[in-house]
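Novice: Dumping the structure here so I can ask a few things about it.
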Amino acid sequence: MAALAILLRYGRRAHSHAHAHAHGLPLSRALCTTTAGIDSGATSASMAMRRLRREFDPDRAVAILETIDMSSISAGSTRNALSMAARRLLRAGRFGDAEALISSHLSACKDEPYLAAVLCSYASANLPEKALDAFRSTVPSLPTPISPQPFNALLSTFLRCGLHHRIPTLFAELSKEFSITPNDASYSVLVKSYCMTRNDAKAKQTLDQMREQGISPSTKTYTPLIDSMYKQKKTKEAELLWKEMIESGCKPDVAVYNVKVTYYGLQRKLEEVMQVMSEMEADGVKPDIITYNFLMSSYCKNGKLEDAKVVYDSLAEKGCSTNAFTYKYMLSALCASGDFDAGLGIFKESLKKNKVPGFSTVKGLVEGFVKGGRVAEAKKVIAEIHDKFPDNLSRWKKLEKELGLDSDSENTPCSEGTSGKIVAEAKSVPADAEGVEGSAVDETAVSEESSDDEAPVAGEVPRGPA
């Protein structure tokens, strides 16, 4: 693709020049190292996808993407590949390149699933308006009638980018302009947008509107509304909606059960979390990683860190893949309890899985090592971060200077003993420990970012609550 080739040439040149200048390398040598080891002729799609997940250098990520024959992979894999490469560019501050990368695939949008995949990728680059332009320019070239699939993908892009207030207008205008008949997934996004703006009355009216159109509200439609009630601590209203959902013939799924788990988890109600999980088991619903993350969080908040560790160690046999929130919760709890050795183990595991928690969480580990006089370990953690995320280091460099870990600093890092386990002031993990609070919608966002699994494009409704 011409646009992609231009992006690669420009991006490699700019990135390599900066790298060469910083390391004193000849520009020609830096250009060679940017794409070293990428063989476009011998890379299978599955192998390229695996390499793309592990690659955080934006130019190399785009180069790997170029080796993938998009016609040989599903729409879900297309969306994942494009989104990963776009995020790498976005995190390097190359917004224009991220847009150019995604837009270069529009000319290949000959069917609805592929267009839906590309539209969803714009959310990863936080470019909802560009997705709208792409929808308007590409949909007329598709065979008619148009199904709701690309329409739903566009609405979900605005939802993921936080432009909830725009969705009702887009829903009405675009469905009329392109003669699209909204389906259950379309209305689910609309309901969620109203819930996110706390317009619960409109959300409930939408359920009535669906019935008037001959569409029965599904579990997915009820989920954001039930979640909204719980978030507002309107438990009676939430329970009434749950009852209405059951009586209308909808079977609860893991997403709507996670709404309850989230609510009780954030209220530090461990027994209630476990009760909901018992209900899930009785209902034949298998808990997922979001469920277990909130169970571990609840254990930690109630001073039962060892129980949280048992759950963590059993995740693999339960068939659950960890996500960034798993490591965030456990690392925060271990650091708050002073167990920095176990925290280091969690950090290393997150590095292997490419699901490293955010700055504030890992910062607690580094500060704990420095406080305990273990400067070498602190420096090693930061070095690992430098290697993994070379384009996103400003806060880490500032922290190094504050802690006296940078080479230019004359300060001696503070030390309060050399033990690997500093006794915490309290035996239980504080409720406000960074990374322990959260919601299932945050979980879902992170899961999407970190997932190695192929995500479905049809409908494009985030599976977590609002």
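The values are calculated or read from the model by the stated rules, or taken from the named source; none is laboratory data. What you see is a predicted model, and the numbers here were worked out from it, not measured in a lab. Cβ sites come from the backbone with ideal geometry, for glycine too, and all protein chains shown count toward neighbours. In case anyone asks, the SASA skips ligands and DNA or RNA and just uses the protein heavy atoms, side chains included. Shrake-Rupley method; radii C 1.70, N 1.55, O 1.52, S 1.80 Å.
Novice: Could you list, in sequence order, all residues of the stretch 46-65 that are open to solvent by 20 Å² or more (accessible area, probe 1.4 Å) and either of a type outside the set (D, E, K, R) or in contact with a Leu (Cβ under 6 Å, 6 or more places away or on another chain) (or both)?
Specialist: Within the stretch 46-65, 46, 47, 56 meet the criteria.
Novice: State whether one or more residues within the stretch 303-317 are touching a Pro at 6+ places or on another chain (Cβ under 7 Å) and within 24 Å of residue 265 (Cα to Cα).
Specialist: No, because not a single residue in the stretch 303-317 is touching a Pro at 6+ places or on another chain (Cβ under 7 Å) and within 24 Å of residue 265 (Cα to Cα).
Novice: Right, another one. Could you check, for the stretch 260-268, whether at least one of its residues is within 18 Å of residue 195 (Cβ to Cβ), part of a helix (DSSP H, G or I), over 24 Å from the mean Cα position of the chain (by Cα) and aromatic (Phe, Trp, Tyr)?
Specialist: No: the stretch 260-268 contains no residue that is within 18 Å of residue 195 (Cβ to Cβ), part of a helix (DSSP H, G or I), over 24 Å from the mean Cα position of the chain (by Cα) and aromatic (Phe, Trp, Tyr).
Novice: Answer yes or no as to whether residue 220 is in contact (Cβ under 8 Å) with a residue 40 or more places away in the chain, of a type outside the set (Ser, Thr, Tyr) and over 30 Å from residue 331 (Cα atoms).
Specialist: Against the criterion (in contact (Cβ under 8 Å) with a residue 40 or more places away in the chain, of a type outside the set (Ser, Thr, Tyr) and over 30 Å from residue 331 (Cα atoms)), residue 220 qualifies.
Novice: What tally of residues in the stretch 208-241 results from selecting those that are more than 15 Å from residue 267 (Cβ to Cβ), part of a helix (DSSP H, G or I) and open to solvent by less than 40 Å² (accessible area, probe 1.4 Å)?
Specialist: Selection size over the stretch 208-241: 10.
Novice: Taking residue 302, is it open to solvent by less than 60 Å² (accessible area, probe 1.4 Å) and not β-branched (Val, Ile, Thr)?
Specialist: Spelling it out, it is not the case that residue 302 is open to solvent by less than 60 Å² (accessible area, probe 1.4 Å) and not β-branched (Val, Ile, Thr).
Novice: Please specify each residue of the stretch 308-364 satisfying the condition of being aromatic (Phe, Trp, Tyr) and more than 22 Å from the chain's Cα centre (by Cα).
Specialist: Scanning the stretch 308-364 gives a single hit, 340.
Novice: Return only the number of the condition from (1) in a helix (DSSP H, G or I); (2) among the β-branched types (Val, Ile, Thr); (3) open to solvent by 60 Å² or more (accessible area, probe 1.4 Å) that residue 118 does not satisfy.
Specialist: (3)
Novice: If you go through the stretch 91-115, how many residues are assigned to a helix (DSSP H, G or I) and modelled with pLDDT of 90 or more?
Specialist: 14
Novice: Right, something else. I'd like to know if the stretch 46-58 contains one or more residues that are aromatic (Phe, Trp, Tyr), assigned to a loop (DSSP other than H, G, I, E, B) and modelled with pLDDT under 90.
Specialist: Scanning the stretch 46-58, I find at least one residue that is aromatic (Phe, Trp, Tyr), assigned to a loop (DSSP other than H, G, I, E, B) and modelled with pLDDT under 90, so the answer is yes.
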